[in-house]
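Below is one structure, written out as structure tokens, with a few remarks after it.
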Amino acid sequence: MSYKVTWADQRINKNEKAKLKEDGLDVFKDLPELVKHPFSEIDKSYYMYFKFAGLTVQKPQDKGYFMMRIKIPGGRINLKQADHIAWIAKTYGRGIVDLTTRQAVQYHWIPFEKLPDIFDGIASVGLTTAGAEGDITRNVVDNPLSGIDANELFDTRQTVLDVYKRFQGNRDYSNLPRKFKISINSNIYNAGNAEINDLAFTPAIKEINGQSVQGFNVKIGGGLGMLPYLGLAMNIFVTPGQVADVAEAVVALYRDNGPRRSRSKSRLKFLIQDWGVQKFENALREKVPGLQTAGNSKIVGWSNGTALGIHPQRQKGYYYIGVSIPAGRISGDDFQAFVDLAKRYGKDELRFDHGQNLIIPYIAEKDLETVKSADIFNRFSTTPHQLLDFGTTCTGAEYCNLANAHTKEIFKPLLNNLDQRFTFEKPVTITLTGCGNNCAHRSIADIGIEGVKARTQTGDHAEGYVLSVGGSLLNGGHFTEALKGKLSKDQLADALAVILKDYQDQKKLEETFYDYFSRQGRFHFQELVDQYLSQLQEALK
């Protein structure tokens with residue numbers, strides 16, 4: 001550790017006090033001794049450290065099982081790694097792999113006593129869980145089509161790896177106030193979801209000494225959670241070769257100045273709200289002198305970081321297949337089937353997008369029809385057009401200790417119900433998250449569903465859901481606006497149908513849901529929900 005702790009004498013929370021005594025990455029050193037004892041002997045105060053190893057103690061917390069997340073920078077894996085991801089699911093994860101909104105994978109039911117063996121296996125294929133959770137730099141995300149995308153300024157794959165390597169295992173940056181998320185992307189449709197990251201590099205061009213230079217503008221202080229904030233632009237332009245240095249300087253500023261008193265207000269976004277963008281930029285320029293002012297942004301739209309369907313690559317004669325994985329949950333056997341398909345017809349690669357989906361690149365044009373006829377595509381779509389294809393969901397109350405309601409178990413039946421009623425030419429995104437923490441990106445969906453605590457008519461505790469509408473990352477972003485009224489699981493489909501039918505019947509030609517929301521406003525949708533709930537009350541009389 002080459003930095004000086006400056007916050008030890010400040011008012012800090014209990015996690016911060018613990019981290020002053022032992023670094024989060026020491027969990028890997030502790031683990032061989034820990035597993036010699038029953039899980040029940042581990043004090044709950046240690047659970048925080050498991051997160052630095054990509055582990056969360058799974059609900060119920062006394063059984064010794066974990067949710068485990070593997071870091072996959074840029075969402076790209078080779079097929080040896082893909083084989084191992086499928087093997088973990090079938091050997092330890094009760095046959096299931098969950099794909100995440102940050103281009104990674106995670107599992108449930110990972111047994112405590114097997115962790116050293118599991119970690120050794122993951123390391124043997126060049127992957128790691130270190131820093132997949134915890135107060136540390138998380139998985140670095142990228143354009144899911146980087147290097148094969150006709151809509152990117154340049155290939156960002158090496159830049160992503162440079163940043164990943166700068167922080168991975170680096171104890172100078174393993175004690176942050178909270179998690180830190182980085183997005184790097186040169187796709188003109190904001191495929192890196194820039195505005196919901198702590199630090200985001202977005203495509204730009206700058207005239208420097210008479211030369212047109214491709215690089216990035218920089219946004220800072222974005223993030224979701226209970227109090228979402230959109231990332232704000234700094235007046236800075238960087239070349240790909242400067243990205244790792246700038247990222248390191250930003251993280252160092254956050255480490256040394258970020259709030260550590262309350263964990264609920266410790267993300268970088270709160271430091272930016274306190275300091276203001278200009279003060280932070282001035283501090284950054286002191287650490288990295290000579291940075292250019294912002295260039296001409298090349299962002300022209302927003303793809304939500306998804307890459308679904310069959311499309312030509314920038315490499316002539318090759319196509320990628322973006323496969324919809326409903327609710328982001330896939331069996332190890334089905335995952336293996338996609339791996340085997342890539343082995344036979346693709347190259348040494350699979351990818352993940354930001355919508356919990358899977359991508360098989362480098363399918364030769366001559367093989368397309370053969371690949372499309374594979375048995376696995378009887379269960380997964382190559383022509384996504386349904387609501388289910390564009391939805392995302394978090395883990396929910398099945399395993400998560402924070403969730404108020406179930407998610408993945410109800411999501412597919414819910415959206416299948418709606419898909420039987422509606423067809424839209426423009427995708428409508430519906431997300432379902434089990435609490436207010438926004439893990440499924442509820443705040444940037446067309447329609448967000450949040451699990452809340454509720455009561456039945458007789459006063460018993462129950463799972464409830466509330467709706468919000470109008471999320472987007474177009475033109476700097478707009479978060480969903482909440483609608484009043486709690487719904488039960490059984491009421492969700494009909495309540496959503498009221499909103500979707502209104503959009504279907506009243507929208508203009510080619511009008512997206514976000515455009516329709518922008519035209520109508522929140523109160524229009526509140527009236528729809530109010531009318532639905534009023535009709536329910538009348539029916540009960």
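The values are calculated or read from the model by the stated rules, or taken from the named source; none is laboratory data. Everything numeric in this text was worked out from a predicted model, so none of it was measured. Quick reminder, even Gly has a Cβ in these numbers, built from the backbone with ideal geometry, and neighbours come from all protein chains shown.
Here are the numbers for this structure:
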item	result
Tally, over the range 329-338, of residues that are surrounded by fewer than 24 Cβ atoms within 10 Å (Cβ to Cβ) and not in a strand (DSSP E or B)	5
Given (1) over 21 Å from L308 (Cβ atoms); (2) modelled with pLDDT under 95, number of the condition L492 does not satisfy	(2)
Single unsatisfied condition, Q356 versus (1) under 30 Å from K51 (Cα atoms); (2) assigned to a helix (DSSP H, G or I); (3) of a type outside the set (G, A, S)	(2)
In the range 424-472, residue modelled with the highest pLDDT [restricted to those that are of a type in the set (D, E) and assigned to a loop (DSSP other than H, G, I, E, B)]	D446
Enumeration of residues in the range 84-119 that are part of a helix (DSSP H, G or I) and surrounded by fewer than 22 Cβ atoms within 10 Å (Cβ to Cβ)	H84, W87, I88, K90, T91, F112, E113, K114, P116, D117, I118, F119
Residue among A82, A8 that is touching a helix residue (DSSP H, G or I) at 6+ places or on another chain (Cβ under 9 Å), outside the structural domain of H354 (by TED's automatic domain parsing) and touching a residue at least 24 places away in the same chain (Cβ under 8 Å)	A82
Check on N475, surrounded by fewer than 19 Cβ atoms within 10 Å (Cβ to Cβ) and in a helix (DSSP H, G or I)	yes
Candidate set: the range 261-295, residues that are assigned to a loop (DSSP other than H, G, I, E, B) and free of Cβ contacts under 8 Å to residues at least 24 places away in the same chain; chosen: the one surrounded by the most Cβ atoms within 10 Å (Cβ to Cβ)	G276
Candidates I205, I188, filtered to the one that is over 17 Å from G476 (Cα atoms), touching a residue at least 40 places away in the same chain (Cβ under 8 Å), surrounded by fewer than 24 Cβ atoms within 10 Å (Cβ to Cβ) and hydrophobic (A, V, I, L, M, F, W, C)	I205
Tally, over the range 6-43, of residues that are assigned to a helix (DSSP H, G or I), of a type in the set (D, E) and either under 17 Å from F112 (Cβ atoms) or touching a strand residue (DSSP E or B) at 6+ places or on another chain (Cβ under 8 Å) (or both)	3
